[in-house]
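Here's the structure we're looking at; comments come further down.
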């Protein structure tokens, strides 16, 4: 397998997010494993997901003690809970502008744990996008319903 450049890593991350929203979880997991296998692409994937999940939160704007929660689906195992905790730590560090803390968090993890944390971020980004599109779709539907009926 050839090494991905930053643009390719970003595109693969977004494709993994899209795969989650299309219920193609096996493909998304393989894409995340590819991204997490190299430090540079792992950082690009984290940054891409953080850009989605932290939209509206300028980096460096939160206090270092602030914590951004990241959840996993109900019934997740111990590894999933640990991955969500790591993903929360990473997002919180990025939001507080502490990139060095992100490096320290990731350095303590095995490759599989890093992959699990990136997968949680990808799933979180997919959920955020799905919720946003759902809300936007509802507003468009409401607009057309009101516009067609002539009620204002």
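In a Gaussian network model over the chain where Cα atoms closer than 10 Å are linked, find which of 13, 48, 110 has the largest mean-square fluctuation.
Of the options given, 110 has the highest mean-square fluctuation.
Taking the chain as the reference, fit the longest principal axis to its C-alpha atoms, fit the long axis of helix 25-36 to the helix C-alpha atoms, and give the angle between the two in degrees, 0 to 90, nearest 10.
40
Calculated from DSSP H runs of 4 or more alone, at -39500 (n - 2.57) each and per residue, what is the 222 nm mean residue ellipticity of the chain, nearest 500?
The helix-only estimate for the chain comes to -24500 deg cm²/dmol at 222 nm.
Using a 7 Å offset from the Cα along the Cα-to-Cβ direction at both residue 8 and residue 51, what is the distance between the two label points in nm, to one decimal?
Placing both labels 7 Å along Cα→Cβ, they lie 1.8 nm apart.
Counting pairs of alpha carbon atoms under 8 Å apart in space and at least six apart in sequence, what relative contact order in percent does segment 7-91 give? It would help to have the intermediate numbers written out before the result.
Details: 48 pairs, mean separation 19.7, N = 85.
Taking the mean separation of contacting Cα pairs over the length of segment 7-91, I get 23 percent.
Can you give me the distance in nm between label points at residue 99 and residue 144, each placed 7 Å from the Cα along the Cα-to-Cβ direction?
Here the answer is 4.4 nm between the modelled labels.
Taking the chain as the reference, fit the longest principal axis to its C-alpha atoms, fit the long axis of helix 78-95 to the helix C-alpha atoms, and give the angle between the two in degrees, 0 to 90, nearest 10.
Long axis of 78-95 versus the principal axis of the chain: about 80 degrees.
Please tell me the relative contact order of the chain in percent, rounded to the nearest whole number, where contacts are Cα pairs under 8 Å and at least six residues apart.
27
Working from Cα positions, state the angle (0 to 90°, nearest 10) between the long axis of helix 6-21 and the longest principal axis of the chain.
50
When the chain is fully extended, how far beyond the present Cα-Cα distance does residue 71 get from residue 113, taking 0.36 nm per residue of separation?
13.5 nm
Order of 118, 90, 57 from fewest to most other C-beta atoms within 10 Å?
Values: 118 28, 90 24, 57 15.
Result, fewest neighbours first: 57, 90, 118.
Which order do 111, 85 fall in if you start with the one that has the fewest other Cβ atoms within 10 Å? List each step's numbers first, then the result.
On the way: 111 11, 85 15.
Ordered from fewest to most neighbouring Cβ atoms within 10 Å, 111, 85 come out as 111, 85.
With a ≥ b ≥ c the root eigenvalues of the C-alpha gyration tensor of segment 8-87, is it rounded (a/c under 1.5), prolate (a/b larger than b/c) or oblate?
Oblate, because a/c is 1.5 or more while a/b does not exceed b/c.
GNM, the chain, Cα, under 10 Å: largest mean-square fluctuation among 23, 80, 96?
Per the Cα network of the chain with a 10 Å cutoff, 23 tops the list.
Which residue, 15, 126, 83, has the most motion in a Gaussian network model of the chain that connects Cα atoms within less than 10 Å?
In the Gaussian network model the winner is 15.
Each value in this text was obtained by applying a stated rule to the coordinates, not by laboratory testing. Note that the coordinates shown come from a computational prediction; the quantities given were computed from them, not determined experimentally. Here the Cβ is made from the backbone with ideal geometry for all residues, glycine too, and neighbour counts use every protein chain on show.
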